[in-house]
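First the structure, in the form of structure tokens, and then the observations on it.
None of the figures in this text is laboratory data; all of them are computed from the coordinates on show. Quick caveat, the model's predicted, so the values are computed rather than measured.
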Amino acid sequence: MKRSRQRVDIDLEELRRVLDQARQQPIGEADYLKMKVALDVLAERLTPKRTTEKTRTVAFAIESGRILLTLDADFGNILRFPTAGTPGVIRLKIHPPTEEAIREQIQALRDLA
């Protein structure tokens, strides 16, 4: 079952004001809590969620030292799938993605080597 997220509204102007004020004097408890909640929300959004088939695919590519070749645009999201520590990711953009077109692109990549 999918976990629902609690909605948290963050006023960026208010956070900027708190940061600007913090340069002059220590911030109060209320401002501290605003900053803490904002950072917690940001961290939660940037943290990869549960293991999925995609994360297992990336883990397999890393463990076996293979470059991931994919049509899936999700793998282009470097926050969700960072490329540091991986052999690499090659995302093919083929339209329409027919088997013949995919084979031609793979052969073109092989010819580059």
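Under 29 Å between alpha carbons: how many lysine pairs meet that in the chain, if sequence neighbours fewer than 8 apart on the same chain are excluded? Working shown, then result.
Working: Lys2/Lys34; Lys2/Lys36; Lys2/Lys49; Lys2/Lys54; Lys34/Lys49; Lys36/Lys49; Lys49/Lys93; Lys54/Lys93.
Total qualifying Lys-Lys pairs in the chain comes to 8.
Calculated from DSSP H runs of 4 or more alone, at -39500 (n - 2.57) each and per residue, what is the 222 nm mean residue ellipticity of the chain, nearest 500? Intermediate results must be reported in sequence, preceding the final value.
Numbers: 4 runs with 54 residues, N = 113.
So the helix-based figure for the chain works out to -15500 deg cm²/dmol.
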